[in-house]
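**Q** My structure is below; once you've seen it, I'll send some questions.
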Amino acid sequence: MEGEEHDRNGVHNHSCAPRPRVSHGLSVFEKLAQNMQDISGDRGVLKEMIRAGSGEKVPSDATLILKFSGYLEHSDRPFETNWFRRYPRLMKLGEDITLLGMEVSVLTMQRGELSRFLYSPDYAYGTMGCPPLIPPAATVLFEIEVLDYLDTAESDAFCELSLHQQSTFLLEKVLKIAATERQFGNYLFRRDRFYDAKGRYKRASSCLSRQATSEEENAQLNAARLLVNLNMAITYLKLERPSSTLIWGEKALAIDNKNVKALFRCGQACLELREYEKARTFLLRAQKFEPFNLEINSELKRLSSCYKAYMDRQRAMCVRMFAPPSSTAV
């Protein structure tokens, strides 16, 4: 689910952007249209694939990560683009994608595909256009790359239900939806979108808040909750909110009091909060289970250094407080 090679250097090849009017009485768009596929059935949306993708086509309720640029005819400069953003924002079909032509387009695409499209005014900005950028009745060209998509329709619909309605679903279904939300959060976390990841992890946690009806159900719920709690703990650490990290780390420990990741996160949180004794307790417990873990041992060294600096400051403060007043000339 990584970006394509041409994007890693932050450079986009604009070779398919419109050029000045050509000879033989055909404009740039008219010439392009001759070799493009009609995907709307009325030639309102025409497509030319530049690079094929793989896998299934984008589903109708997907959440997408797209790169796109829109051009007017005879213009090399896009009137709208997100091509140079390192992490494009998530766009949900039917909500964030409001241009009809773009919605029609992406439903024909696969993960990793790069294509160009021509939109007639009915599929773009209409007879009025969008002044001052888009003139009336303008045909526009869009280049679109589907970096990735996630089919979140099922989990989105579930999370809109009341808690009572959610409780009527089979546990297997609930666990699947929670896993989808957690995986979505993982995807965002790996791309440093920690605030967005937190939102998905919270949704996963909410899905798992139901009461178990048996020991077996409780074990399954706790296994899923543990993963979410650990993810929430490290996400809050990345968001520089150690108090929240500690809360979610301790929730994880309530499920598994020997979980090394939970002990480590709690230790990190306490270190950031300057609660050095608590940090030491958590980190030593983690080290007991994994004595050769480099991260744990490194954090214990950092704790020692921070604690020494803290004690030095305390001693210096005491010296200043109890030192005899210096004599001054009157």
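The values are calculated or read from the model by the stated rules, or taken from the named source; none is laboratory data. What you see is a predicted model; the values in this text were computed from it and never measured. Don't worry about glycine lacking a Cβ; one is built from the backbone with ideal geometry, like all the others, and counts go over all protein chains shown. Remember, those area values only see protein heavy atoms, side chains included, never the ligands or the DNA or RNA. Shrake-Rupley method; radii C 1.70, N 1.55, O 1.52, S 1.80 Å.
**Q** Does Leu161 qualify as being within 26 Å of Arg43 (Cα to Cα), among the aliphatic types (A, V, I, L, M) and not in a helix (DSSP H, G or I)?
**A** Taking the combined requirement at face value, the residue does not satisfy it.
**Q** Counting only residues that are modelled with pLDDT of 90 or more and either open to solvent by 30 Å² or more (accessible area, probe 1.4 Å) or not hydrophobic (A, V, I, L, M, F, W, C) (or both), how many does segment 196-207 have?
**A** 8
**Q** Then there is this: Given (1) of a type in the set (Ser, Thr, Tyr); (2) out of contact with any Asp or Glu (no Cβ under 7 Å at 6 or more places or on another chain); (3) crowded, with 19+ Cβ neighbours inside 10 Å, where does Ser69 come up short, assuming only one miss?
**A** The single condition Ser69 does not satisfy is (2).
**Q** Okay, next question. If you check every pair at least six apart or on different chains, which have Cβ atoms under 6 Å apart with a residue in segment 169-192 that is at pLDDT 90 or above and part of a helix (DSSP H, G or I) first and a residue that is aromatic (Phe, Trp, Tyr) and crowded, with 16+ Cβ neighbours inside 10 Å second?
**A** Pairs that qualify, where the first residue is at pLDDT 90 or above and part of a helix (DSSP H, G or I) and the partner is aromatic (Phe, Trp, Tyr) and crowded, with 16+ Cβ neighbours inside 10 Å, are Ile177/Phe158; Gly185/Tyr201.
**Q** Across segment 208-243, what is the total count of residues that are under 23 Å from the mean Cα position of the chain (by Cα), in a helix (DSSP H, G or I) and buried (at least 17 other Cβ atoms within 10 Å of the Cβ)?
**A** Matching residues across segment 208-243 total 15.
**Q** Given the residues Glu277, Glu250, which is the only one that is open to solvent by 20 Å² or more (accessible area, probe 1.4 Å), in a helix (DSSP H, G or I) and without any contact (Cβ under 8 Å) to a residue 12 or more places away in the chain?
**A** From the options Glu277, Glu250, the qualifying one is Glu277.
**Q** Kindly indicate whether any position in segment 30-37 is over 19 Å from Leu99 (Cα atoms), in contact (Cβ under 8 Å) with a residue 12 or more places away in the chain and either assigned to a loop (DSSP other than H, G, I, E, B) or charged (D, E, K, R) (or both).
**A** The answer is yes; a qualifying residue exists.
**Q** Sticking with this one: Starting from residues that are open to solvent by 20 Å² or more (accessible area, probe 1.4 Å) and touching a helix residue (DSSP H, G or I) at 6+ places or on another chain (Cβ under 7 Å), keep the ones in segment 137-151 and report whichever is farthest from Ser27 (Cα to Cα).
**A** Leu150
**Q** State all residues of segment 81-104 that are open to solvent by 80 Å² or more (accessible area, probe 1.4 Å) and closer than 30 Å to Leu26 by Cβ; if no residue qualifies, say none.
**A** Scanning segment 81-104 gives a single hit, Leu100.
**Q** Looking at (1) surrounded by 13 or more Cβ atoms within 10 Å (Cβ to Cβ); (2) more than 26 Å from Asn257 (Cα to Cα); (3) aliphatic (A, V, I, L, M); (4) at pLDDT below 90, which is the only condition Leu161 fails?
**A** (1) is the only condition that Leu161 fails.
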